[in-house]
Each structure stands twice: as C-alpha cells, then as structure tokens.
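The structure appears below as structure tokens.
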C-alpha cells in the first residue's frame, strides 16, 4: 500500500519519516518531490572495475546550470536528507525529467527501512540537457511495511552507505570482495 499525503504527514509528525528540508509545496497526493543538489561527480576512469574502488571527481553545478552529455554516468545527490523508519521509500524520476530524456537511477530506486541519508542519483541522458541545482528531480513514494522489522538498514554492520553526506557517493561494490 502506498502512503497518501495525509499518511506521509502523519509519519513525519511521528518521526517515522524525516525529510530535511521539508517543503510543504513538494508534497503530492501520494509522493514527495526531491530536488537536485548542487554537487555532481563523475568517475575518473572510463572503464570501471567492480572489484576495485573506482575514484570520482566531484564538482558543483554552476548557477547557469550544467549540460549533461550522453554516454557519461553522473552521480548526483538530492538536496533532501531523509530517514524512513516505518516504510519502504522508492525514488522515481519525475515525468517532466523523463520527458527531457533524463534517467535518475539505473537500478537503485528502492531504499531500505532505516535508510538515513541523502539519495545518490545515477544520472544519464539520451541527448545533451542542461540541469540546475535545486530543480525538482524525483519523487519519493512510501510503501507501508507489513510485519516487524529485524534488520534496519542504519543498524546493519555491513551497510555501505550509512555515512551521512551532502555529496554523491560512488559505488562501494568493491567492499563485497574484501
């Protein structure tokens, strides 16, 4: 079951969902709009290796925007820090973003109960397109969880993305091989 706007507000009031900063105008009927943060990153190497720590170069989106190029994976980040303690958050691109040919995630649209961080976006595009810091980029949809939670993400010893950040985080797949 997807949470409605009223249920999202109730979950925020009870602390089961945290959204910082919270903008009332970003709350939809059954979702919450998130915005593109000012930080982007690209991998230094063209060929990535799943067994090694692939380094990234961070840069900020200038005021006049930044033109994304096809064939490059950009790591972006949401302005919003979120916590979800009683629901499963799903991040989807806004239809207006999709109509510009922008994808905001390759495979990582689902968060875990207990996820507490900004969202790293896996941004790609089909043609050059200019993006701006602060623009709406996606929407969070919350699904109710049935049953008790035993393994909250933010309490897992081996969780790879628990360090709070305002910058996009590169793949930590290499930690699976340690």
Exercise. Between residue 47 and residue 14, what FRET efficiency comes out of the Förster formula 1/(1 + (r/R0)^6) with R0 = 41 Å and r the beta carbon distance, rounded to 0.05?
Worked result: 0.30
Exercise. Which FRET efficiency value, to the nearest 0.05, is calculated for residue 129 and residue 151 with the Förster distance at 30 angstrom and r the Cβ-Cβ distance?
Worked result: 0.20
Seminar exercise, completed: Working note, region 1-82: Cα radius of gyration (Å, one decimal) and Dmax (Å, whole number) are 17.2, 46
For this session: Determine by what factor the alpha-carbon radius of gyration of region 98-178 differs from 2.2 N^0.38 Å, reporting the quotient.
Result: 1.30
For this session: For the chain, would you read off the P(r) tail past 27 Å as a percentage of all alpha carbon pairs?
Result: 28
Exercise. How much length is gained if the chain between residue 158 and residue 92 is pulled fully straight, taking 0.36 nm per residue apart and subtracting their Cα-Cα distance, in nm to one decimal?
Worked result: 21.2 nm
For this session: May I ask you to derive the FRET efficiency for residue 4 and residue 55 from their Cβ-Cβ distance with R0 = 35 Å, giving the value to the nearest 0.05?
Result: 0.25
Exercise. Of 63, 148, 122, which is the most mobile in a GNM of the chain whose springs link Cα atoms less than 10 angstrom apart?
Worked result: 148
Exercise. Any idea what diffusion coefficient region 21-62 gets from Stokes-Einstein, in µm²/s, Kirkwood Rh on alpha carbon pairs, 10 °C, 1.306 mPa s?
Worked result: 118
For this session: Return the Cα extents of region 55-127 along principal axes one, two and three, sorted largest first, each rounded to a whole Å.
Result: 38, 25, 24
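Each reported figure results from applying straightforward, stated rules to the coordinates on display, with no laboratory input. Quick caveat, the model's predicted, so the values are computed rather than measured. All Cβ positions, even for glycine, are placed from backbone atoms using ideal geometry, and neighbour counts span all protein chains on display.
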